[in-house]
Amino acid sequence: MEKIYFAHETAVIDDGCKIGKGTKIWHFSHVMTGSEIGENCNIGQNVVISPGVKLGRNVKVQNNVSLYTGVTCEDDVFLGPSMVFTNVINPRSAIIRKDSYYTTIVEKGASIGANSTIVCGNKIGTFSFIGAGAVVTKDVKPYALVVGNPARQTGWMSEYGHKLNFDTSGLASCPESGERYKIEDGKVSKIF
């Protein structure tokens, strides 16, 4: 049977995982049993994908990222170099907490910057943007821009990754795509 994905010869792919067509897995990465990777994903060097992790289509995982059990990334998510997810709130070396893993959801189109930490049990909203080095300790709204430690919202982002500047009527346009957005009751949505 012909492989429908590419894996570098140094990558370790355990039996019992699902890998979609067109996906590329690079040097020294480990994809563990029970994980699922969608079509056309790019898994950088030295990445660990633990059992039960699910990645949608077109997910970009940069070098040195660890995706632990409990993490789900929807389609078109970007995970920056050396960012990390946690999966236990109160880890101790001498205490086994495999039954205490929290779920973390990264929704469609979200970007997480280099060296960020996503504390488990949070939802990262659709098309949100997590700045480099941020430490996320609570849910992030769709289209929100969050930065710092702990991460705080400082603005809103377009689906193309540009900061949105809303006028007095609550409207904004993406400078690259021209797509328009509105803000109402602390929520941003794209105008169709």
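The values are calculated or read from the model by the stated rules, or taken from the named source; none is laboratory data. Because the structure is a prediction, the values reported are computed rather than measured. Methodologically, a virtual Cβ is constructed for each residue, glycine included, from the backbone with ideal geometry; neighbour enumeration extends over all protein chains shown.
Observations, loosely collected:
- Answer from Thr69, Thr86 - the residue that is over 21 Å from Gly133 (Cα atoms), surrounded by 16 or more Cβ atoms within 10 Å (Cβ to Cβ) and not acidic (Asp, Glu): Thr69
- Boolean, Tyr143 is under 22 Å from Val188 (Cα atoms) and more than 12 Å from the chain's Cα centre (by Cα): yes
- Cβ separations smaller than 7 Å between residues 6+ apart or across chains give the following pairs from the stretch 129-145 residues that are closer than 11 Å to Ile112 by Cα to residues that are among the charged types (D, E, K, R) and in a strand (DSSP E or B): Leu145/Lys163.
- For the residues Glu2, Glu9, Glu39, the requirement of being outside any strand (DSSP E or B) and modelled with pLDDT under 95 singles out Glu2.
- Going through (1) in a loop (DSSP other than H, G, I, E, B); (2) surrounded by fewer than 17 Cβ atoms within 10 Å (Cβ to Cβ); (3) not hydrophobic (A, V, I, L, M, F, W, C) one by one, Asp99 falls short only on (1).
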